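Student: Shown below is the structure under consideration.
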Amino acid sequence: MQWNFPNAMITRKLGAALAAGCTVVIKPAEDTPYSALALAAFAEEAHFPPGVINVLPTSRQKTPEIGNFICDTPDISVITFTGSTEVGKLLLKRGANTVKRIVMELGGDAPFIVFDSADVQRAVEGSIVAKFRNAGQVRKVFVFYLPFCLLTTFFFSFALDLRLCKSNIRARGHS
């Protein structure tokens, strides 16, 4: 599981697995194990049978060992992974040995598409909200797709709005 939006990442995959009658092993990101542990505790309070939802928090140093075990064991038939392309490639290679079904959402460019019929100011505001929601943990990079005729207007407005955001943050006493 990735570190941003950990509960959303877990629950959307967990729900499908449970609906299909599967047990689940959650290996949360090293930086956000408490979210997965809390969800498991809620499941226990809701009287889920023991062993249906399993959480395997581990250190960054132990993660490759755990990943290899998950890929190598015949007891796990499906891996779903959200994270980097680099790790996704490793899981695909290692999981091939036991013919795992592997579903991935790998790091992307987080495209933001603006059409020539768009209200440029609303598009700028939407791009800033999309980028900085959840304390800016959404994506590292934006790739903007927009018509050439809007390029200057969009980015001028985008830069101005970002400066206003920064000014508002400083006015509230944050750095």
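Student: Only residues that are free of Cβ contacts under 8 Å to residues at least 24 places away in the same chain and of a type in the set (A, V, I, L, M): list them for the range 39-57, please.
Tutor: Going through the range 39-57, the residues free of Cβ contacts under 8 Å to residues at least 24 places away in the same chain turn out to be 40-50.
Residues satisfying the conditions are 40, 41, 43, 46.
Student: Yes or no: residue 82 surrounded by 16 or more Cβ atoms within 10 Å (Cβ to Cβ) and not aromatic (Phe, Trp, Tyr)? Steps first, please.
Tutor: Working: surrounded by 16 or more Cβ atoms within 10 Å (Cβ to Cβ): yes; not aromatic (Phe, Trp, Tyr): yes.
Yes: the conditions hold for residue 82.
Student: Which count do you get for residues in the range 45-67 that are of a type outside the set (A, V, I, L, M, F, W, C) and surrounded by 14 or more Cβ atoms within 10 Å (Cβ to Cβ)? First the steps, then the outcome.
Tutor: First, pick out the residues of the range 45-67 that are of a type outside the set (A, V, I, L, M, F, W, C): 45, 47, 49-51, 54, 57-65, 67.
When the remaining residues are screened for being surrounded by 14 or more Cβ atoms within 10 Å (Cβ to Cβ), the result is 57-58, 63, 67.
Number satisfying all stated conditions: 4.
Student: Looking only at the range 90-110, count how many residues are open to solvent by 80 Å² or more (accessible area, probe 1.4 Å), closer than 30 Å to residue 153 by Cα and in contact with a helix residue (DSSP H, G or I) (Cβ under 7 Å, 6 or more places away or on another chain).
Tutor: 0
Student: Would you mention how many residues in the range 6-31 are outside any helix (DSSP H, G or I) and touching a residue at least 24 places away in the same chain (Cβ under 8 Å)? Talk me through it step by step, then tell me what you get.
Tutor: Initial filter on the range 6-31 (outside any helix (DSSP H, G or I)): 20-31.
The next check asks that each one be touching a residue at least 24 places away in the same chain (Cβ under 8 Å); those that pass are 22-31.
The number of residues fulfilling the criteria is 10.
Student: Being more than 16 Å from the chain's Cα centre (by Cα), surrounded by fewer than 13 Cβ atoms within 10 Å (Cβ to Cβ), at pLDDT below 85 and not hydroxyl-bearing (Ser, Thr, Tyr) narrows it down to one residue among 113, 128; which is it?
Tutor: On the way: 128 fails: surrounded by fewer than 13 Cβ atoms within 10 Å (Cβ to Cβ).
Exactly one residue qualifies, and that residue is 113.
Student: With (1) touching a helix residue (DSSP H, G or I) at 6+ places or on another chain (Cβ under 9 Å); (2) not in a helix (DSSP H, G or I) as the list, and residue 68 as the residue in question, which single condition is left unmet?
Tutor: Going through the list (1) touching a helix residue (DSSP H, G or I) at 6+ places or on another chain (Cβ under 9 Å); (2) not in a helix (DSSP H, G or I), residue 68 breaks only (2).
The values are calculated or read from the model by the stated rules, or taken from the named source; none is laboratory data. All of these numbers come straight from a predicted model, not from anything done at the bench. Positions of Cβ are generated from backbone atoms using ideal geometry, with glycine treated the same way; all protein chains shown enter the neighbour counts. All accessible areas refer to the heavy atoms of the entire protein, side chains included, with ligands and DNA or RNA removed. Shrake-Rupley method; radii C 1.70, N 1.55, O 1.52, S 1.80 Å.
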